[in-house]
Amino acid sequence: MRPLLATTLALAALAVLSTGCAPAKPAGPAVITVKDGWSRPAPAGGTGAGFFELANSGGAADTLVAVESPIAETVQIHESSTEGGVMRMRIMTDGVTVKPGASVTFGPGGLHVMFIRLKSPLAAGDRAPATLVFKDGGRKPIELTVRTAGGKSADDMAHHSH
């Protein structure tokens, strides 16, 4: 019976080793969706901000490397933070990576898009076009709804007035 046991163990070891050597199944590409795009009112010539959530339901990470928009002379990806009681803002020169199965929120006090030197004012109810540029996933056009400080657009306020 010992030769049978040795043969069985050898075959089991070979099965384990051969499955470990099988080529890995390639992960699918990133699948990025954008939710809840919004901005605040801002004057022409001033600075506006864009907020949204990026969700990646794909099998690979992708990086938001730029944002483009016709509403401003310059558009940058920023992150705000507080260090030692002092608010700081930095440009995200390497972009923002969204890992597979994860989401990243761009919101007040954190990651956000800066629209510098607005070409026209942003008023509640307006829709501001922008294009998100990803390292691997190409370009994704979005629209940001301009909302007041309370988070309501002009359309929302009109629907809820009595």
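Worth a mention:
- Using a simple spin-label model with pseudo-atoms 7 Å out from Cα toward Cβ, Glu83 and Ala66 lie 2.7 nm apart.
- Area accessible to solvent at Glu68, 1.4 Å probe radius, in Å²: 80 Å²
- Under 12 Å, Cβ to Cβ, from Ile32 - net charge with Lys/Arg +1 and Asp/Glu -1: +2
- Residues of segment 51-67 falling in the label zone of Val96, defined by backbone nitrogen less than 11 Å from a point 7 Å along Cα to beta-carbon, are 51-55, 64-67.
- For Lys119, a cut-off of 19 angstrom between C-alpha atoms picks up these aspartates and glutamates, skipping any fewer than 8 places away in its own chain: Glu68, Glu73, Glu143.
The values are calculated or read from the model by the stated rules, or taken from the named source; none is laboratory data. Given the structure is predicted, the values throughout are model-derived calculations rather than measurements. Methodologically, a virtual Cβ is constructed for each residue, glycine included, from the backbone with ideal geometry; neighbour enumeration extends over all protein chains shown. Heavy atoms of the whole protein, side chains included, go into the accessibility calculation; ligands, DNA and RNA do not. Shrake-Rupley method; radii C 1.70, N 1.55, O 1.52, S 1.80 Å.
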